[in-house]
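The structure appears right after this line, and notes come after that.
The values are calculated or read from the model by the stated rules, or taken from the named source; none is laboratory data. Please read these numbers as outputs of a predicted model, since none were measured by experiment. Surface areas here come from the heavy atoms of the whole protein model, side chains and all, with no ligands, DNA or RNA. Shrake-Rupley method; radii C 1.70, N 1.55, O 1.52, S 1.80 Å.
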Amino acid sequence: MARDKIYGAIIFIVAVLIILWYTWWTLYFGVWIGTQVDNGATTIQLMLAYTSGEISPIIGAHTMALLQYWSAGLLSWIPVPPRFLAVAIPIWLAVTLILVIAAWIGYTMMTTPPPVPLEELEKAEEEEEKKEEKAETKEKPKAKKKK
């Protein structure tokens, strides 16, 4: 009926708008939040910072400075995505997938023709039965004449 199509259109439009908004929010605010979480320290720098008090007397301060230089300067050409993306991308995919399914359901509701009312089906069945009865009654006298 017409209400089903309106409900489908509403579901479809709302799902598409939420997908667009959520993607924008993730890209804009998510990246900003991620840069606050990822302050640019590499894993090697963090490991050196945690162990510098223990290793420094053993390997020497000069070697520690050299390792910190290598970790910050020499390997900095390797592109490393922010660590928050390891969490943000799967969550974004899950939310978007659910919203795509909702949009698909709304589109299907919007484009599916309404079902035929039961009263019309009953009338059509009665008419077919009457036609079959008439056809059977016409065939029986012909069958008798052939004998």
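Numbers at a glance
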quantity	calculated
Solvent accessible area, Å² - Val95, 1.4 Å probe, full protein context	50 Å²
Solvent accessible area, Å² - Tyr107, 1.4 Å probe, full protein context	110 Å²
Glu139 accessible area, 1.4 Å probe, all protein chains in place, Å² to nearest 10	120 Å²
Alpha-carbon centroids, segment 6-28 and segment 83-110: separation in whole Å	10 Å
